[in-house]
Amino acid sequence: MTGRALFISGGRVLTPGADADAAPAEILVQDGRILALLPPGTVPPVEAEILDARGHLLIPGLVNAHTHSHLAFAKGIQDRWNLELHLNAGPWSNVLLSHAHRRLATLLSAAEMISKGCTAAYDLHFEIPEPTLEGMQTVADAYGEAGMRVLIAPMLADRSIWQAIPGLAAAAAPLTPPSLAATRPTTETLADLDRLVRAWRHPRAEAGLALAPTIPLHCSAELMAGCAALSRAHGLEVHMHLSESKLQAVAGAQVYGESLTAQLARIGLLSERFTAAHAVWLEDADLDLLAAHGAKVAHNPGSNLRLGNGIAAARRMQERGLTLGIGTDASSCADGLNMFEAMRSAALVSHIMSDDPRRWLAAREVFSMATEGGAALMGLQQDIGRIAPGYAADIVFLSLDHLNYIPL
């Protein structure tokens, strides 16, 4: 059944790859899809509802390429933690959420993102001790209630940080450290995950399902290989924290005798469906390996700074043809889910990486990462991330009367 057309009139349209001057245009929308971009002054169809966009800049809905809605209640929980201290605090900062609390955490996250112009998110959601169909459906339903698109990647681990870092558990003896790792055999976890995937009924473009074996050192080879097999069998995206901290990179080389990236390639996880989150401590050979497999990167400059992890080499990634999206990470390690702040951070930290301004990320590049780049990470590059015919009408209105945009 076809609904009434919507005619968005009088706005200035800014979309990736288009004229940076944001030329005025009329937008014709039908059933949530953009039918046409028309010249200013075009007479609207008689039956169309007219939405006055004069005085507004229209941009595609921003895409948060990496976040964790389950940590909404942990906003501002820490001041001077590095990543490892943050992970150690997981058992008490990521409390055992009831499904009612899980819904609320997701709604809080979605509300904050929407208020900052974000309409889609790649959400790595942790349900303790293992993901369940009811838990993940709760997350999907909450995003739907808020009006956001989401790709939900249940987080998986069968080792805690105390098992992941060589010598750490022995150093803690005789104390018994807490753990967020799964308690059942990995084969049972993978079988349950396969059943979850097969039972998933949400539309892919509204609430899709992906996989998130959380950190290489926190996952056994069996778990990572099982996730790779599930990804191939069901065409699922895979999202993994890769070399986020220097400690992870050093420990990975000690445990595997090669880089974490090389280990993932050996196991079979790398593919065009794979997203590496953070990717701070990567050598050129690692970047080449990611590029050779068509993998993508979720750039999280705010949390990388907040946790003292360093700065990802975004320009070097681009030069290898890697697709980048921009993420806020979690409220617990970025103090909020503001994609405009994340974009600004991505631009500014690139200035530190080179004294040649030509190698800094330009505003148009960062905007592209936060829209069509994030859409590609979610596998929705044909649906969102642009204001163009055929794309979903996920459009953000920015008031040009706001003090932020004067005298633009």
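How about segment 155-244: which trypsin sites (Lys or Arg not before Pro) there are in a DSSP loop, with at most 10 other Cβ atoms within 10 Å of their Cβ?
Hits after loop and neighbour filter: R201.
Search the structure for amide H atoms under 5 Å from the amide H of A277, placed 1.01 Å from N in the peptide plane, and list their residues when 5 or more places away or on another chain.
Here the answer is M240, H241, L242, A298, since their amide H atoms fall under 5 Å of that of A277.
Percent relative contact order of the chain, based on C-alpha pairs within less than 8 angstrom and at least six residues apart? List each step's numbers first, then the result.
Working: 855 pairs, mean separation 85.2, N = 408.
Over the chain, the number comes to 21 percent.
Can you give me the long-range amide H partners of C118? Hydrogens built in the peptide plane at 1.01 Å from N, cutoff under 5 Å, separation of 5 or more residues or another chain.
Residues meeting the amide H criterion: L62.
Can you say what percent of the DSSP beta bridges in the chain, counting only those with both residues inside, are antiparallel? Round to 5. Don't skip to the answer; put the middle values down first.
Numbers: 16 of 50 bridges.
Here the share of antiparallel DSSP bridges comes out near 30 percent.
Write out the trypsin sites (Lys or Arg not before Pro) in segment 69-147 meeting two conditions: DSSP loop, and at most 12 other Cβ atoms within 10 Å of their Cβ.
Numbers: sites: K75, R80, R102, R103, K116; in loops: K75, R80, K116.
Qualifying residues, ordered by number: R80.
Which loop-located trypsin sites (Lys or Arg not before Pro) does segment 242-331 contain, where loop means any DSSP state but H, G, I, E or B and the Cβ has at most 16 other Cβ atoms within 10 Å?
On the way: sites: K246, R266, R273, K296, R306, R315, R316, R320; in loops: R273, R320.
Qualifying residues, ordered by number: R320.
Given H placed on each backbone N at 1.01 Å, which residues far from A330 in sequence or on other chains put an amide H within less than 5 Å of it?
Here the answer is H68, since their amide H atoms fall under 5 Å of that of A330.
Using only the Cα atoms of the chain, what are the Rg and Dmax in Å?
For the chain, the Cα radius of gyration and maximum Cα-Cα distance read 21.4, 77 Å.
Please turn the phi angles of segment 346-357 into ³J(HN,Hα) values with the Karplus equation 6.51 cos²θ - 1.76 cosθ + 1.60 (θ = phi - 60°), one per residue in order, whole Hz, x for glycine and proline.
4, 5, 5, 5, 5, 5, 6, 7, 7, 8, 9, x
Between Y405 and I352, what is the label-to-label distance in nm when each label sits 7 Å out along the Cα-to-Cβ direction?
3.1 nm
D284 versus W92, label points 7 Å from Cα toward the beta carbon: distance in nm?
Inter-label distance under the simple model: 4.6 nm.
Could you name the lysines in cross-link range of K116, using Cα to Cα under 28 Å and dropping any fewer than eight places away on the same chain?
Cross-link targets: K75, K296.
Extension gain E272-V255, at 0.36 nm per residue separation less the Cα-Cα distance, in nm?
Numbers: separation 17, 0.36 × 17 = 6.12 nm, distance 2.62 nm.
So the extension gain works out to 3.5 nm.
Just from its helices, what would the mean residue ellipticity at 222 nm be for the chain, if runs of 4 or more DSSP H residues each count -39500 (n - 2.57) and the sum is divided by every residue, rounded to the nearest 500 deg cm²/dmol? Let's see the in-between values first.
Numbers: 18 runs with 147 residues, N = 408.
Rounded to the nearest 500, the figure is -10000 deg cm²/dmol.
Read-outs throughout are calculated quantities, based only on the coordinates presented, and are distinct from any laboratory measurement. All figures in this text were calculated on a predicted structure; none of them were measured in a lab. Every residue, glycine as well, gets a Cβ built from its backbone with ideal geometry; the counts of neighbours run over all protein chains shown.
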